[in-house]
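Here is the structure we will look at.
The values are calculated or read from the model by the stated rules, or taken from the named source; none is laboratory data. Keep in mind that what you see is a predicted model, and the values were worked out from it rather than measured. As a convention, Cβ positions derive from the backbone with ideal geometry for all residues, glycine included, and neighbour counts pool all protein chains shown. Just so you know, the surface numbers come from the protein's heavy atoms only, side chains and all, with ligands and any DNA or RNA stripped out. Shrake-Rupley method; radii C 1.70, N 1.55, O 1.52, S 1.80 Å.
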Amino acid sequence: MQEIIRMLAHAPLLYDDGQHIQVQDYLEGLEVELTHDIRRAANEIFEWGVKACRRFTDVLAYEQLQDVLGLQAELWQEGVLTLRDWMEWLKQIGEGQRALPVYNFEAILGDLPEGYMIHDFHDELQVRLEQDVTNVWANEERSRLYETIGVQGRV
């Protein structure tokens with residue numbers, strides 16, 4: 001499963017936009033041989049990935065999707081995001097029932113380096129919480145971020 005998740009998060013990085021990625025592109029990037037049942041499950045997951053990618057024709061929105069997928073993969077590995085919740089989020093994104101998180105990072109944090117994105121914001125929140133676990137703002141922002149990327153029942 002870890003290899004499938006790695007491809008889900010990284011295959012979109014090979015494209016400038018989501019209009020050309022296909023399930024086969026994900027499958028060809030796998031470094032392990034899949035059994036028949038696992039291959040069927042992977043196909044379904046990758047179909048959801050393709051649908052999600054197709055929704056974002058704008059370069060910046062597509063980059064944001066890539067960034068969110070990378071963060072989700074990290075949170076899945078850490079046990080913060082369940083596979084079930086992530087796949088539900090992915091299906092909803094692909095079907096247009098959910099939107100990507102929207103932030104004005106400069107208004108929130110001030111002057112930032114070019115290319116600052118959601119994953120960077122998550123890292124900033126984590127640093128602040130490591131310094132002070134009771135930081136109300138960081139806890140609220142992390143909870144809000146987690147909700148928008150599919151994390152259920154976790155602060």
Rounded FRET efficiency, nearest 0.05, which uses the C-beta distance separating His36 from Asp111 and R0 of 41 Å: 0.15
When the chain is reduced to its Cα atoms, the Kirkwood hydrodynamic radius in Å: 16.3 Å
Residues of the chain: accessible area per residue with a 1.4 Å probe, Å²: 56 Å²
Farthest positive-ward along the chain dipole, Cα basis, beta-carbon charges - from Leu83, Thr57, Leu13: Leu83
Cα-only radius of gyration and Dmax that characterise region 1-56, units Å: 10.6, 32
Accessible carbon and sulfur surface of the chain relative to its total accessible area, %, 1.4 Å: 46 percent
Surface/4 of the Cα convex hull for region 97-145, nm²: 3.9 nm²
Cβ charges +1 (Lys, Arg) and -1 (Asp, Glu), total dipole of region 1-96, debye: 280 debye
Overall Cα dimensions of region 22-89 - principal axes, largest extent first, Å: 36, 28, 21
Using alpha-carbon coordinates, inclination of helix 118-131 to the longest axis of the chain, degrees: 50 degrees
DSSP-assigned coil residues among GluC sites (Glu not before Pro) in region 1-92, each with at most 10 further Cβ atoms within 10 Å: Glu31, Glu33, Glu78
